[in-house]
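**Q** So that we are looking at the same thing, I have put the structure below in structure tokens.
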Amino acid sequence: MVEPAPDELSLRALLLYALAWSGGAIAYVPFLTILLPLQVTVLAGDRIAVSWLAYILFAGAVAASLGNILFGYLSDRSGHRLGWVTLGLGISGALLLLMAHATSFVTIIVLVITWQLGLNMMLAPLAAWAGEQVPDRQKGLLGGLLAFAPGMGGLAGAVVTLPGLAAAGERLVLVMVMVTACVVPLLLFGPSRRPPATGSVPPDEGDGPGNQPGRAARARLARRMWLARLAVQIAEAALFSFLYLWLRRIDPTMDEFRTARVLSLVLLAAAPIALLAGHWGDRRNRPIAPLVVCALVASVALLAMAAARSLTTAYAAYALFGCATSTFLALHSAQTLRVLPRSDRIGRDLGLFNLTNTVPSLVMPWLTLALVPYFGFPGLFALLAMLSLCAVGLLSSLRLHP
């Protein structure tokens, strides 16, 4: 076995982190894509389920946005990342179990808000931990490993919705058990010392011959990375929460298990693609090239989804879109760690970057309500394809220094 360089993390440590990050995805993917929409549909009926879900997702996204920045900053100040992760794991797990007892719109929305706060108490310090630990030359590999997280989340959704396996409340218990099993190994066996891994610039450094790029240059790179991710994430957010409802428009017999199976297969297929693309970017020192290709493929897939009239066509177009966006988001998350301006505020800055994940959830419900009743899902997908092309333009000329 090849030993890592002194300032690199071992493969074991990277795998432990990737497993923990997968636990974070398992915590929210089955719930937000399948279990919550299903619970809302049962309580509200098909007629107003979209409206209920839109309001709930909006409130949850606001809580997630604020919570990620807050707990990232608090973990910066305390210096104990994994302690916050442990606390967030316990709080979010307890609140998730309470969801089964929600029988009204108000109860659900309150629980989702508090659950999002607890979940981001775990996720924000976990993301900052990677920023401190993983050197730039391992960022592509890290991104590839992170791509397995959405697939694990989708697979968890397929497992818990297996017919006859578990009732509604028992599904949430299964989710929590899987999350705990993924996160606890990092808490027990993860690296305890901080290597000099971040590429971020201390607060007193700026541009200069001996500091390439400096803090101002990194800030400019970060803004373009932020906008590109936002454009792609808006498209991804639409399918994340409305995939089940879109497929039911095409085929009213579509059920939650078939939707979860499609989602999990697509996300799992994206993982090896991202791993290969990330490794290629590390070896060739071209970390942005895979992002450009993925954004372009996503725009083409969205146009195909807009034209889909059968389940077969819809599955194929969504598979292309899901693989492209999952690869993009995983690799983008890792490469973002290279452009953070301040090494002493990694958690806070990642919280601001996390707005690209949560702001789309604030926008998409209202955009969906405005467009779908008049233009259907095809009109929505055509607009999202244009946004993905904007990401291509933002990233095409961007260069990250080695």
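Readers should treat all values here as calculations from the given coordinates under stated rules, not as data from a laboratory. It should be emphasised that the depicted structure is a prediction, and the values quoted were computed from it without experimental measurement. Cβ atoms come from the backbone with ideal geometry, glycine included; neighbour counts cover every protein chain shown.
**Q** So, in nm, how far is label Leu227 from label Ser310 when the simple model puts each one 7 Å beyond its Cα toward the Cβ?
**A** Here the answer is 4.2 nm between the modelled labels.
**Q** Tell me what the chain gives for mean residue ellipticity at 222 nm when only DSSP H runs of n ≥ 4 count, each as -39,500 (n - 2.57), the sum divided by the residue total, rounded to 500 deg cm²/dmol. Spell out each step's value before the answer.
**A** Values: 14 runs with 312 residues, N = 402.
Mean residue ellipticity, 222 nm, calculated: -27000 deg cm²/dmol.
**Q** Can you list the trypsin sites (Lys or Arg not before Pro) in region 300-358 that are in a DSSP coil and have 15 or fewer other beta carbons within 10 angstrom? Please report the intermediate quantities before stating the final value.
**A** On the way: sites: Arg309, Arg338, Arg342, Arg345, Arg348; in loops: Arg309, Arg338, Arg342.
Here the trypsin sites (Lys or Arg not before Pro) that fit, given the DSSP loop and packing criteria, are Arg309.
**Q** Across the chain, what fraction of all alpha-carbon pairs, as a whole percent, falls in each successive 20 Å bin from zero upward?
**A** P(r) over the chain, rounded to whole percents: 29, 60, 11, 0.
**Q** To the nearest 10 degrees, how steeply does helix 105-133 sit against the main Cα axis of the chain, on a 0 to 90 scale?
**A** 20 degrees
**Q** Just want the answer: with Cβ charges of +1 for Lys and Arg and -1 for Asp and Glu, which residue in Ser78, Gly144, Ala18 is farthest toward the dipole's positive end in the chain?
**A** Gly144
**Q** Still on this model: Given the options Leu369, Leu119, Trp280, identify the residue whose Cα lies farthest towards the positive end of the charge dipole of the chain (+1 on Cβ of Lys, Arg; -1 on Cβ of Asp, Glu).
**A** About the Cα centre, the residue reaching furthest to the positive side is Trp280.
**Q** While we're looking at this one, here's another question. Compute the long axis of helix 256-284 from its Cα atoms, compare it with the longest principal axis of the Cα atoms of the chain, and write down the angle in degrees, 0 to 90, nearest 10.
**A** So the inclination is approximately 20 degrees.
**Q** Calculate the spin-label point distance for Val300 paired with Leu187, positioning each point 7 Å from the Cα along the beta-carbon direction, and give it in nanometres.
**A** The answer from the label model is 4.5 nm.
**Q** Rounded, prolate or oblate for region 270-402? Axes are the square roots of the Cα gyration tensor eigenvalues, ordered a ≥ b ≥ c, and the cut-off for rounded is a/c under 1.5.
**A** Numbers: a/c = 2.42, a/b = 1.49, b/c = 1.63.
Judged from the Cα gyration tensor, region 270-402 comes out oblate (a/c at least 1.5, b/c at or above a/b).
**Q** Continuing with this model, one more query. ³J(HN,Hα) across region 179-188 via Karplus (A = 6.51, B = -1.76, C = 1.60, θ = phi - 60°), whole Hz, x for Gly/Pro?
**A** Running phi through 6.51 cos²θ - 1.76 cosθ + 1.60 with θ = phi - 60° gives 4, 4, 5, 7, 7, 4, x, 5, 5, 8 Hz.
**Q** Could you check the spin-label model distance between Tyr374 and Ile250? Points 7 Å from the Cα along Cα→Cβ, value in nm.
**A** Simple spin-label model gives 2.5 nm for this pair.
**Q** So which residue, out of Val179, Val106, Val262, gets the largest mean-square fluctuation from a GNM of the chain using Cα contacts under 10 Å as springs?
**A** Val106
**Q** Can you tell me the dipole magnitude for the chain around its Cα centre, using point charges on the Cβ only (Lys, Arg +1; Asp, Glu -1), in Debye to the nearest 20? Present the calculation step by step, with values, prior to reporting the outcome.
**A** Numbers: 28 positive and 18 negative charges, 114 e Å.
In debye, rounded to 20, the chain gives about 540.
**Q** Apply 1/(1 + (r/R0)^6) to the Cβ-Cβ distance of His101 and Arg283, taking R0 = 51 Å, and write down the FRET efficiency to the nearest 0.05. Provide the component values of the computation, followed by the final result.
**A** Values: r = 51 Å, r/R0 = 1.01.
E between His101 and Arg283, to the nearest 0.05, is 0.50.
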